[in-house]
Every structure is written in C-alpha cells, then in structure tokens.
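What follows is a set of notes on a single structure, which appears directly below.
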Amino acid sequence: LGAEIVVDQKLAESDVVEIQLTENGAKDPIFDGLGDKCLAIEGHKSSVKNLPEGTVHLAKTERCPINGFRYGKNAYGLQFHAELSRKDYLDRVALYPEYIDNTVNKDEEILNSELVAKKILENFAKLQ
C-alpha cells in the first residue's frame, strides 16, 4: 500500500500491551465486543511510520501510534499478534530470552490477550 516502514527502538514492542482503539476502531466489526481498549501480544521492531493512503486508522498503543488499520472492507494491517495463544507467546519468549522479564506475573494478562485474539479472529471470520 506504499506506507513507509521504519525500524525504531522507541516504537518497538514485545509484551502483552494495551491496545487503544481509535473512534473508527471502536466501531469496526473486527473489534466488535471489545470496547475501546484491549490487551494483545506485541512482538515487533518495525513500525508503520504513516498511514497508507485510503486506509482507516483503527488502533494505537502508548509507544506505537499506528497499531492497526483497515484498507477497504476487509483487508487489515495489525501490528499485534491476533493469532498467538498463551502457549505460542511462551514459546516466543523461550526463543527470545531477552524478553523473559516481561512475562513475570503476566499470566492473567496473557490469558486475557488470548481471549481478545480469539474474539478478533472470530469477528474476522464473520466478515464478508
């Protein structure tokens, strides 16, 4: 879509992070039933610097201002991992031990992010 992608440690995230939905995000069918914020598993060093032309800004985090967008009716760009389960997350942490401190006492957040991911995938499957 032509967006500029940057590698910037100030925008990088690797943890269970609070996703803040924009006004458009809170109304988007993919986030139906999640309110205006939710938890999700992040794991990225690269970030979208500017929204691609013709997209709708849907989500951000404290560190990453463009964390989700939609192009057209059902093409999505999400910076977080909606596909990861708790087990997947713990497997990733095992591969990247430098992030191990982030998982201490996070079990409830990890489980909540897994429920959010499941809801997002269910919502996506309902799109036509």
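The values are calculated or read from the model by the stated rules, or taken from the named source; none is laboratory data. Quick caveat: nothing in here was measured; it's all calculated off a predicted structure. All Cβ positions, glycine included, derive from the backbone under ideal geometry; neighbour counts span all protein chains shown.
For the reader, a short list of remarks on this structure follows.
- Residues that are of a type outside the set (Gly, Ala, Ser), closer than 24 Å to Leu127 by Cβ and surrounded by fewer than 20 Cβ atoms within 10 Å (Cβ to Cβ) do occur in the range 86-100.
- Selected residue (criterion: surrounded by the fewest Cβ atoms within 10 Å (Cβ to Cβ)) from residues of the range 1-46 that are among the polar types (S, T, N, Q) and part of a loop (DSSP other than H, G, I, E, B): Gln9
- Scanning the range 47-83 for residues being in a loop (DSSP other than H, G, I, E, B), surrounded by 19 or more Cβ atoms within 10 Å (Cβ to Cβ) and among the hydrophobic types (A, V, I, L, M, F, W, C) gives a total of 4.
- Residue match in the range 104-126 (condition: within 28 Å of Glu4 (Cβ to Cβ), in contact with a His (Cβ under 8 Å, 6 or more places away or on another chain) and either among the hydrophobic types (A, V, I, L, M, F, W, C) or surrounded by fewer than 14 Cβ atoms within 10 Å (Cβ to Cβ) (or both)): yes
- Here Ser46, Ser14 are screened, and the one residue that is more than 28 Å from Gln128 (Cα to Cα), small (Gly, Ala, Ser) and at pLDDT 85 or above is Ser46.
- Of all residue pairs spaced 6 or more apart or on separate chains, those with beta-carbon atoms under 6 Å, a first member in the range 45-71 that is more than 11 Å from Gly25 (Cβ to Cβ) and a second member that is outside any strand (DSSP E or B) and acidic (Asp, Glu) are Lys49/Glu4; Asn50/Glu4.
- Here Val16 qualifies as of a type outside the set (D, E, K, R) and in contact with an Asp or Glu (Cβ under 6 Å, 6 or more places away or on another chain).
- Leu39 vs. criteria at pLDDT below 90, within 22 Å of Ile110 (Cβ to Cβ) and of a type in the set (A, V, I, L, M): yes
- Among the residues making up the range 30-48, those that are over 22 Å from Asp8 (Cα atoms) and either of a type in the set (Val, Ile, Thr) or in contact with a Leu (Cβ under 6 Å, 6 or more places away or on another chain) (or both) are Ile30, Phe31, Asp36.
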